[in-house]
1. Mind checking the full-extension length gain between residue 158 and residue 231? Use 0.36 nm per residue of separation minus the Cα-Cα distance, one decimal, nm.
2. Expected output is a single nm value to one decimal: the length gained when fully extending between residue 83 and residue 32, i.e. 0.36 nm times separation in residues minus the C-alpha distance. What is it?
3. For residue 3 and residue 143, what does the FRET efficiency come to when R0 = 45 Å and r is the distance between their Cβ atoms, rounded to the nearest 0.05?
4. Computing the accessible area with a 1.4 Å probe over protein heavy atoms, can you report the carbon and sulfur percentage for the chain?
5. Treat every Asp and Glu Cβ in the chain as -1 and every Lys and Arg Cβ as +1, leave all other atoms uncharged, and give the resulting dipole magnitude about the Cα centre to the nearest 20 debye.
6. List the extent of the Cα atoms of the stretch 1-157 along each of their three principal axes, largest first, rounded to whole Å.
7. Based on the Cβ-Cβ distance from residue 13 to residue 41, what FRET efficiency comes out when R0 is 35 Å, to the nearest 0.05?
8. Probe of 1.4 angstrom, ligands and nucleic acids ignored: what's the accessible area per residue over the stretch 119-262, in square angstrom?
Amino acid sequence: MLRFLGNRLLQSAVVLLGVSAIVFFCLFLAGDPAALMMSPDASRAEIDAFRKAMGFDDPVLIQYLRYLGKALTGDFGLSLRFQRPVLELVLERLPATALLAVAALAWSTTLGFVFGVLAAIKPGGLVDFMVRTVALAGQAVPVFWLGLVLILFFAMKWRLLPTGGYGEARHLILPALTLGAYYTSAVTRLVRASLIDVMGEDYIRTARAKGLSPGRVIIGHALRNALIPVLTVQAMYFAALLGGALVTEIIFAWPGIGRLAVQAIQNRDFPLVQAVVLLASTVFVLANLMVDIAYVLLNPRIRL
């Protein structure tokens, strides 16, 4: 078990090292980083002074090693737009994005499991057909369109909820519904497919032969083994949400990481862009690591 976790930790560290190198060197592939970061009307003397202040006149490898050393201590530099530490700006926006991600994932996972189980009880039946139709429609609807429709009805026509903002529970409802709609459909289809596959196993037929009720067979025996692929997808969904639900945050003026990334790109604030991308990558790697650990807990065969 310790060797398994040690290997996964080593792989995660290698992946993060590779991501940090890609994020850093992509800035140089776009051209002169000093010219990219400075205003288009900046003079050559101003660009040269900025290049020297940022250390861009050193060899690229030296710059990367210096960047990596500072990043390991939490120093990602200063934001060119806000003139504040980049990590401080990202951590300010992280709670808002985390709140939105948890809310969206919570309701989408709950409904997805319920609909997926209902559809898997009688494959090919009326309930299964209705659930699959709704799930397919949910995955086909664009996020930006759904968000605008919810604003049109719930905020502008019926005036039940605000069009955007942050700070109260009612501000969270529409963004969470918009963001979680796609994931509800995805979880529903995945739970249904996983359960149907598991229900054909020998131990399920044995449980039925013992006279167990359909509810005990599904919940007590089938659902646990069907959770493994679902868990993988859910971890990736949460990592994607935490990395920044860009479209939803812009539509509802939600002060999260995705909106911060867009502002950083528009302002040519590359130190901030690098930090946001590296944070999103770190979340993905950690999510994969947690999934690996959960696999061992759910399926004892992996330990062997």
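The values are calculated or read from the model by the stated rules, or taken from the named source; none is laboratory data. Remember, predicted model here, so these are calculated numbers, not experimental data. Glycine gets a Cβ as well: all are built from the backbone with ideal geometry, and neighbour counts include every protein chain shown. Accessible surface areas use protein heavy atoms only, side chains included; no ligands, DNA or RNA. Shrake-Rupley method; radii C 1.70, N 1.55, O 1.52, S 1.80 Å.
1. 22.5 nm
2. 16.2 nm
3. The calculated FRET efficiency here is 0.60.
4. 69 percent
5. It comes to approximately 1160 debye.
6. Each principal axis gives a Cα extent; for the stretch 1-157 these are 71, 56, 27 Å.
7. My answer for the efficiency is 0.25.
8. Dividing the accessible area of the stretch 119-262 by its residue count gives 52 Å².
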